[in-house]
Amino acid sequence: IVNCAGMNLFSASASAPADEVSLLLVVNLKGTILLTQALLPTLMKRPQAAIVNVGSTFGSIGYPGFAAYCASKFGLRGYSEA
């Protein structure tokens, strides 16, 4: 499985629309976690199976104007490492 869906939102945190932040977190983080969970039973039966989560440099650094995006990619990095 290759989890590479993602979206971005450039906005100051104070003015970022809540619905857009929520959608970004669902697409970038929650979707990856739930899809991986759903497929794990099948993947674990196949020795050649692999999970690839596509992250971003912004999963390692905070960057002004991309707080929600960075948070989603930090979360993805943590999930992948765990």
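The values are calculated or read from the model by the stated rules, or taken from the named source; none is laboratory data. Note that the structure is a prediction, hence the values are computed from the model and not measured. Positions of Cβ are generated from backbone atoms using ideal geometry, with glycine treated the same way; all protein chains shown enter the neighbour counts. Ligands, DNA and RNA are excluded from the accessible area calculation, which covers all protein heavy atoms including side chains. Shrake-Rupley method; radii C 1.70, N 1.55, O 1.52, S 1.80 Å.
Working only within segment 33-71, note down all residues that are in a loop (DSSP other than H, G, I, E, B) and of a type outside the set (A, V, I, L, M, F, W, C). Before you say what the answer is, go through the steps one by one.
From segment 33-71, those in a loop (DSSP other than H, G, I, E, B) are 44-51, 54-56, 60-66; that's our starting set.
Selection gives K45, R46, P47, Q48, G55, S56, S60, G62, Y63, P64, G65.
Checking the condition more than 14 Å from C4 (Cα to Cα), among the aromatic types (F, W, Y) and within 9 Å of the chain's Cα centre (by Cα), which residue from F74, F66, F58 passes?
F74
Between a first residue in segment 26-54 that is among the polar types (S, T, N, Q) and a second residue that is part of a loop (DSSP other than H, G, I, E, B) and open to solvent by 60 Å² or more (accessible area, probe 1.4 Å), which pairs have beta carbons less than 7 Å apart while being 6 or more apart in sequence or on different chains?
T36/I51
Residues of segment 36-79 being polar (S, T, N, Q) and within 16 Å of V21 (Cα to Cα), which ones? I'd like the intermediate steps shown before the answer.
So in segment 36-79, the residues polar (S, T, N, Q) come out as 36-37, 42, 48, 53, 56-57, 60, 72.
Scanning segment 36-79 gives a single hit, S72.
For segment 3-12, state whether one or more residues are open to solvent by 50 Å² or more (accessible area, probe 1.4 Å) and either modelled with pLDDT of 95 or more or in a helix (DSSP H, G or I) (or both).
Within segment 3-12, none of the residues are open to solvent by 50 Å² or more (accessible area, probe 1.4 Å) and either modelled with pLDDT of 95 or more or in a helix (DSSP H, G or I) (or both).
Going by the conditions given, is G75 surrounded by 11 or more Cβ atoms within 10 Å (Cβ to Cβ) and at pLDDT below 95? If you could, list the steps in order and put the result at the bottom.
Numbers: surrounded by 11 or more Cβ atoms within 10 Å (Cβ to Cβ): yes; at pLDDT below 95: no.
Answer is no for this residue.
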